[in-house]
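Q: Just dropping this structure here.
The values are calculated or read from the model by the stated rules, or taken from the named source; none is laboratory data. Note that the structure is a prediction, hence the values are computed from the model and not measured. As a convention, Cβ positions derive from the backbone with ideal geometry for all residues, glycine included, and neighbour counts pool all protein chains shown. Calculation scope for accessible area: heavy atoms of the full protein, side chains included, ligands and nucleic acids excluded. Shrake-Rupley method; radii C 1.70, N 1.55, O 1.52, S 1.80 Å.
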Amino acid sequence: MSSIKVMDVKAEIISDNDKEAAALREEVRKNKVFFVNLMASPGAGKTTTLVRTINSLKSKYRIGVMEADVDSLVDAKTIEETGAKVVQLHTGGACHMDVAMTKSGLDLLDCKDLDLVFLENVGNLVCPAEFDVGANKRVMILSVPEGDDKALKYPLMFEVSDLLLVNKIDCLEVFDFNFDALKENVSKLNKNLEIIPVSSLTGEGFDKWIDWLDKEVDSFLKDARKDR
């Protein structure tokens, strides 16, 4: 029998990350900040969705955004134009944010004067799904041009998300996208995953998304204030 010792390094890393994420979630709650982890592929419309979302809610909530990218300031500059507080996080080549990186980002953002914070995670349907960053909710965006089969190819992202926004529905006539097939595939992975079709370009469907988010934030803040 071999005496070689084996450690599942990935399992250890994720386990440690999950413990730290739980602690960060509690810390953010004590600070009365509702934290959303927004995940999607590159080009799915994360930033455009955030801009329209911020403009819809900035009169009610103080909003901050952490923009996570391998490089550049492109998205951070776009968000800055909304008037929201924003910081740019460069991952140095990493394909996702983990809880330690997120905590550093929250410290840089300085959330004491904020009610609602978004992390626009690195564009990727694989790695961001594996790492809990301490958010209250995980929202993913799937764009129509990506196709309706992504739940089959990237199941974990759909399993861990709390809400699925199907973006770019203004392009439905151009692409072969089957909503029934998507719903069937998603239901096998996560029966509780609500699906909201939207167009971040035209605003179609956005009322339902804003209503969902507004209710979540409002309920959270009321509960957090009771914990004083």
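Q: So which residues in the range 214-228 are under 15 Å from Lys60 (Cβ atoms), open to solvent by 40 Å² or more (accessible area, probe 1.4 Å) and over 16 Å from the mean Cα position of the chain (by Cα), if there are any at all?
A: Of everything in the range 214-228, those that are under 15 Å from Lys60 (Cβ atoms), open to solvent by 40 Å² or more (accessible area, probe 1.4 Å) and over 16 Å from the mean Cα position of the chain (by Cα) turn out to be Lys215, Asp218, Ser219, Lys222.
Q: Could you tell me whether the range 179-190 includes any residue that is open to solvent by 40 Å² or more (accessible area, probe 1.4 Å), touching a residue at least 24 places away in the same chain (Cβ under 8 Å) and touching a helix residue (DSSP H, G or I) at 6+ places or on another chain (Cβ under 7 Å)?
A: Yes.
Q: What are the residues in the range 95-134 that are surrounded by fewer than 16 Cβ atoms within 10 Å (Cβ to Cβ), free of Cβ contacts under 8 Å to residues at least 40 places away in the same chain and in contact with a helix residue (DSSP H, G or I) (Cβ under 8 Å, 6 or more places away or on another chain), if any?
A: Once the filter is applied, which keeps residues that are surrounded by fewer than 16 Cβ atoms within 10 Å (Cβ to Cβ), free of Cβ contacts under 8 Å to residues at least 40 places away in the same chain and in contact with a helix residue (DSSP H, G or I) (Cβ under 8 Å, 6 or more places away or on another chain), the range 95-134 yields Cys95, Val126.
Q: Given the range 113-213, what helices (runs of 4 or more DSSP H) lie entirely inside it while holding 3 or more residues that are within 17 Å of the chain's Cα centre (by Cα) and farther than 16 Å from Val36 by Cβ? Even if it seems obvious, please write down each step before you answer.
A: Values: elements: 127-130, 150-153, 155-160, 179-189.
Ranges flagged: 155-160.
Q: Suppose we filter Thr48, Thr53, Thr78, Thr82 for residues that are assigned to a helix (DSSP H, G or I), more than 23 Å from Met157 (Cα to Cα) and either within 14 Å of the chain's Cα centre (by Cα) or of a type in the set (S, T, N, Q) (or both); which single one remains? Explain how you work it out, then say what you get.
A: Values: Thr48 fails: more than 23 Å from Met157 (Cα to Cα); Thr53 fails: more than 23 Å from Met157 (Cα to Cα); Thr82 fails: assigned to a helix (DSSP H, G or I).
Exactly one of Thr48, Thr53, Thr78, Thr82 is assigned to a helix (DSSP H, G or I), more than 23 Å from Met157 (Cα to Cα) and either within 14 Å of the chain's Cα centre (by Cα) or of a type in the set (S, T, N, Q) (or both), namely Thr78.
Q: For Ser199, only one of the following conditions fails: (1) surrounded by 18 or more Cβ atoms within 10 Å (Cβ to Cβ); (2) farther than 28 Å from Ser56 by Cα. What is its number?
A: (2) is the only condition that Ser199 fails.
Q: When you check Ser41 against the structure, is it open to solvent by 10 Å² or more (accessible area, probe 1.4 Å), within 26 Å of Pro155 (Cβ to Cβ) and not charged (D, E, K, R), yes or no?
A: yes
Q: Based on what the data block shows, is Thr49 polar (S, T, N, Q) and open to solvent by 10 Å² or more (accessible area, probe 1.4 Å)?
A: Taking the combined requirement at face value, the residue does not satisfy it.
Q: Look through Glu146, Glu159, Glu80 and report the one residue that is open to solvent by 50 Å² or more (accessible area, probe 1.4 Å) and either out of contact with any strand residue (DSSP E or B) (no Cβ under 7 Å at 6 or more places or on another chain) or of a type in the set (Gly, Ala, Ser) (or both). It would help to see each step written out before you state the result.
A: On the way: Glu146 fails: open to solvent by 50 Å² or more (accessible area, probe 1.4 Å); Glu80 fails: either out of contact with any strand residue (DSSP E or B) (no Cβ under 7 Å at 6 or more places or on another chain) or of a type in the set (Gly, Ala, Ser) (or both).
When all the criteria are applied, what remains is Glu159.
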